[in-house]
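The values are calculated or read from the model by the stated rules, or taken from the named source; none is laboratory data. All values reported here derive from a predicted model rather than from experimental measurement. Using ideal geometry, Cβ is built from the backbone for each residue, glycine included, and neighbour counts are taken over all protein chains shown. Accessible surface is based on the protein model in full, side chains and every heavy atom, while ligands, DNA and RNA are left aside. Shrake-Rupley method; radii C 1.70, N 1.55, O 1.52, S 1.80 Å.
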Amino acid sequence: MLIKALHTHGATGLMDHTAKDGSSKIVMECGLPLTGEGCVHRIITDLGVLDVTPDGLVLVETAPGVTFEHVAARTGSPLAGRRPE
């Protein structure tokens, strides 16, 4: 389930990172009708926090025990990088 909450910088998506079958819920193109294209600026999942930027997804923070590589392998869109710690 995706819950969107508007704040001053756009919308934030809260969701599980992967589906029950292990496939990524974060994809390059949506196969379903969109209700608000381009409005999500941050995605918070059980694996970490990603910002949606013009250059692509940037990993802001990971959940405890989760690595950048783990998140990248489970994301259906390439990661543009990560924020410095």
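GNM on the chain, C-alpha springs below 10 Å: top fluctuator among P64, P33, P54?
Comparing P64, P33, P54 in a Gaussian network model of the chain, the most mobile one is P33.
Under unit Cβ charges (Lys, Arg +1; Asp, Glu -1), what dipole magnitude, rounded to 20 debye, does the chain have relative to its Cα centre?
Numbers: 7 positive and 10 negative charges, 25 e Å.
Roughly 120 debye, rounded to the nearest 20.
Accessible surface of E29 in the full protein assembly, 1.4 angstrom probe, to the nearest 10 Å²?
150
With springs connecting C-alpha atoms under 10 Å apart, model the chain as a Gaussian network and identify which of A11, A72, A19 has the largest mean-square fluctuation.
Of the options given, A19 has the highest mean-square fluctuation.
How big is the accessible area of D55 in square angstrom, nearest 10, if you roll a 1.4 angstrom probe over the protein chains?
In the full protein context, D55 sits at about 140 Å².
GNM, the chain, Cα, under 10 Å: largest mean-square fluctuation among L34, L59, L50?
Largest GNM mean-square fluctuation: L34.
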